[in-house]
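Report on one structure; see the data block that follows.
The values are calculated or read from the model by the stated rules, or taken from the named source; none is laboratory data. Because the structure is a prediction, the values reported are computed rather than measured. Every residue, glycine among them, receives a Cβ derived from its backbone with ideal geometry; neighbour counts consider all protein chains shown. Side chains are part of the model used for accessible areas, which takes the heavy atoms of the whole protein and leaves out ligands, DNA and RNA. Shrake-Rupley method; radii C 1.70, N 1.55, O 1.52, S 1.80 Å.
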Amino acid sequence: LLRNNIPVAGVIYNPVSQELYCGLKGCNSFKIDIKFGKQSNLKIQNKVKELKDCIVMSHLSSKDEPRKIVLGMLDTIIKASRGIRLLGSGQMALISLAEEQFDIFFNYETNIWDIIPGAVIINGAGGYCINNLTNMREWSCRSKGIIAGSNKSVVTEFADIIREHLPTDEFPIYTANA
């Protein structure tokens, strides 16, 4: 949910594990285990300090151009980090980050409904998200990309590295014609 173009609420359901992940701006994020009726807070505690110690998660788009751009970045990312993994669902990848299964997630081009819920949940779990590489403190509801991480320093370091590989020094944006 966006309010004044700022992500304020997010909910993601994992049908395999039957867990519901919830976030509200300014509050701690949590998950509800539907099978057992238990609720637990999400807290990113394993905050690595440098990109070289991070496991990076990404997603390859089904669209040719975004996929080629990400593939062109992989060698640089592998050399700069501890490793890279790919997952078929951006929303599940953001949840995996909130569960501390890796340290950074990025997606070059996706849909806004794949970004918003996870960004709110990550922020509420103590992580850091950006989707605007030019002004990294400002959220852009027009952006199609995201970088989420366990903390601001690794997100900033990662953004500096991938910015070199982007055609326009920024993520793609929604336009009036898109």
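Here are some conditions: (1) touching a Phe, Trp or Tyr at 6+ places or on another chain (Cβ under 6 Å); (2) free of Cβ contacts under 8 Å to residues at least 60 places away in the same chain. GLY88 meets all but one. Which one does it not meet?
Going through the list (1) touching a Phe, Trp or Tyr at 6+ places or on another chain (Cβ under 6 Å); (2) free of Cβ contacts under 8 Å to residues at least 60 places away in the same chain, GLY88 breaks only (1).
Between ILE115, ILE12, ILE44, ILE95, which is open to solvent by less than 10 Å² (accessible area, probe 1.4 Å), over 18 Å from HIS165 (Cα atoms), in a loop (DSSP other than H, G, I, E, B) and in contact (Cβ under 8 Å) with a residue 24 or more places away in the chain?
One residue alone meets the criteria, ILE44.
Just to be sure I understand, how many residues within the range 133-157 are over 12 Å from the mean Cα position of the chain (by Cα) and closer than 19 Å to HIS59 by Cα?
Residues meeting the conditions: 3.
Search the range 70-92 for residues being within 17 Å of the chain's Cα centre (by Cα) and of a type in the set (Gly, Ala, Ser), and hand back the single one that is nearest to HIS165 (Cα to Cα).
Ranking the qualifying residues of the range 70-92, first place goes to SER81.
Taking the conditions exactly as written (assigned to a helix (DSSP H, G or I) and closer than 18 Å to ILE162 by Cα), does ARG67 satisfy them or not?
So ARG67 fits the description; yes.
Working only within the range 1-58, note down all residues that are under 15 Å from GLY127 (Cα atoms), of a type in the set (Lys, Arg) and in contact with an Asp or Glu (Cβ under 9 Å, 6 or more places away or on another chain).
LYS43, LYS47
With (1) surrounded by 15 or more Cβ atoms within 10 Å (Cβ to Cβ); (2) more than 27 Å from ILE6 (Cα to Cα) as the list, and LEU24 as the residue in question, which single condition is left unmet?
(2)
Quick check: is even one residue across the range 62-77 surrounded by fewer than 16 Cβ atoms within 10 Å (Cβ to Cβ) and either touching a strand residue (DSSP E or B) at 6+ places or on another chain (Cβ under 7 Å) or closer than 19 Å to ILE122 by Cα (or both)?
yes
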